[in-house]
Amino acid sequence: MTRIFRPNAYFEEELSAGEIFPSGLEAQNAILESCFLVLTGPEKEFGEILSHSLPEERWYEYWKNRVGSSLPTPVRIQKGKPESLVQEPLSLEEWGQISDYSEKIGFKLDPTAFERSARLSSKIKQTEWKKKFHMQEFPVWIFKNDSEWKSHGEILRLQNPPFPLYVRKLEFGFSGRQEFLLPSDLGKASQKDFFKIRDVGSVLEPWMDRTQDFSLLFSAEKGSFRQVASTLLLSNQKGKYSGTWLASEEESFWYSEKMDPVLRNLSDFAPDYTGYGSIDSFVYRTIEGQEELRRVSEINFRWTMGRILWELCRKFPLSDVRDLLLFVSHKGIPQEDSYRKLEEWSREEPTWRIFPLSPFYGPKGKPMPKVLLWFRIKRDEVSDPRKTASDLAAKARIKFGG
């Protein structure tokens, strides 16, 4: 039996396009593809991996020097060609579970799986479900298409809305693909290209003063959901994701307690779901200055970065550390080797372990603008996880020219 990972960091784009492998995703997927190579490990215990791109040799050499054995080489996907690369029976572990695979024709869209995934991942459907169970801590507006946005948004604008800033999100859109709007912009034509590409649905909500971001990892078996772990999400002032900490018990106990009823109600929304996922939440400050928890910002019925981190920690257990995944900027200064710089950084912090989960350079030697690093830091050296992550990002900019 062979187990295949088909990672796609931009799963929502597949839902928007109605097809697997929409153009332009190959380079964007490379980071996740290398993560799964590390997760699979030298013994290939999770089975074969199919990949759009192959990591550069220096990345392989770095890992071999650090762990003492080689990471697996993936089988490269060749578009338009039948795949006869694996042995039946096989298990397809997807980022978003919308396709099928056969030796004769390779990957193809599974209409039933696609419909189910689109329904569960729809921000509009999720918003309707949250309203049903009274999980809207502040007002949210739904627009099924651009025509509704223009008409209903204009009505909202004329009602003198009470919030100073709003955020509009695509029905299927990944983290950071959103539009910030002043009250005077409501109902007006979008300035963002991704709203102009197609007549899509969207969700509008006030942009709140967020103080903390959390994510609850869950697993499900035929609509029965259980908690797996909690993570601390890192994002900038505009909500752009940059990394994930595994939360400590002290940091997440109160959050996990509040999320138990949400998981119980989730079986109403996804009564037949089997697989992994996460619920993104955040703490925000009200106009009166009180802090409240928004229990459900978004539900991800798929693999997430938090799940990757949790699986990595299970595979490579290490006591008394805090684990962090962090995207860092990388310019790849000419005549300087970023892998050598990473080794130097590791020597400067002898109690840490730092691993590149993605290559610093592409197959042709071009610097990758973002690199995903995995930090394992002594627990007593992390008093404020968010400040620690911010300091590490600043150091990375100095090290790698970001």
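The values are calculated or read from the model by the stated rules, or taken from the named source; none is laboratory data. None of these values were measured; they are calculated from a predicted model. Reconstructed Cβ throughout: ideal geometry from the backbone, glycine too, with neighbour counts over all protein chains shown. All accessible areas refer to the heavy atoms of the entire protein, side chains included, with ligands and DNA or RNA removed. Shrake-Rupley method; radii C 1.70, N 1.55, O 1.52, S 1.80 Å.
Looking only at residues in the stretch 1-18 that are open to solvent by 40 Å² or more (accessible area, probe 1.4 Å) and farther than 16 Å from Phe174 by Cα, the one that is modelled with the highest pLDDT is Arg3. Looking at Lys395, Lys399, just one residue is open to solvent by 10 Å² or more (accessible area, probe 1.4 Å), in contact (Cβ under 8 Å) with a residue 24 or more places away in the chain, within 20 Å of Tyr62 (Cα to Cα) and part of a helix (DSSP H, G or I), and that residue is Lys399.
Exactly one residue out of Glu257, Glu348 is within 30 Å of Arg116 (Cα to Cα), open to solvent by 10 Å² or more (accessible area, probe 1.4 Å), free of Cβ contacts under 8 Å to residues at least 24 places away in the same chain and among the charged types (D, E, K, R): that is Glu257. Among the residues of the stretch 73-83, none qualifies, meaning not one is surrounded by 15 or more Cβ atoms within 10 Å (Cβ to Cβ), out of contact with any Phe, Trp or Tyr (no Cβ under 6 Å at 6 or more places or on another chain), modelled with pLDDT of 80 or more and in a helix (DSSP H, G or I). Identify, please: which residue in the stretch 111-143 is basic (Lys, Arg) and over 23 Å from the mean Cα position of the chain (by Cα) and is, among those, nearest to Leu156 (Cα to Cα)? Applying the filter and picking the extreme gives Lys131. Looking across Arg295, Arg314, one residue alone is open to solvent by 60 Å² or more (accessible area, probe 1.4 Å) and either touching a residue at least 60 places away in the same chain (Cβ under 8 Å) or touching a Leu at 6+ places or on another chain (Cβ under 9 Å) (or both). It is Arg295. Among the residues making up the stretch 351-370, those that are without any contact (Cβ under 8 Å) to a residue 60 or more places away in the chain, surrounded by 14 or more Cβ atoms within 10 Å (Cβ to Cβ) and under 17 Å from Lys395 (Cβ atoms) are Trp352, Arg353, Ile354.
From the list Ser190, Ser219, Ser202, the one residue that fits, being crowded, with 21+ Cβ neighbours inside 10 Å and touching a strand residue (DSSP E or B) at 6+ places or on another chain (Cβ under 7 Å), is Ser202. Ser338 meets the stated requirement of being open to solvent by less than 70 Å² (accessible area, probe 1.4 Å), touching a Gly at 6+ places or on another chain (Cβ under 9 Å) and small (Gly, Ala, Ser).
Of the residues contained in the stretch 283-297, none is found to be closer than 30 Å to Asp380 by Cβ and of a type in the set (S, T, N, Q). The listed residues are Arg285, Arg302, Arg307, Arg264, and the only one of them that is open to solvent by 50 Å² or more (accessible area, probe 1.4 Å), at pLDDT 90 or above, under 23 Å from Glu221 (Cα atoms) and basic (Lys, Arg) turns out to be Arg264.
When the residues of the stretch 123-156 are filtered to those that are in a loop (DSSP other than H, G, I, E, B) and without any contact (Cβ under 8 Å) to a residue 60 or more places away in the chain, the one that is surrounded by the fewest Cβ atoms within 10 Å (Cβ to Cβ) is His134.
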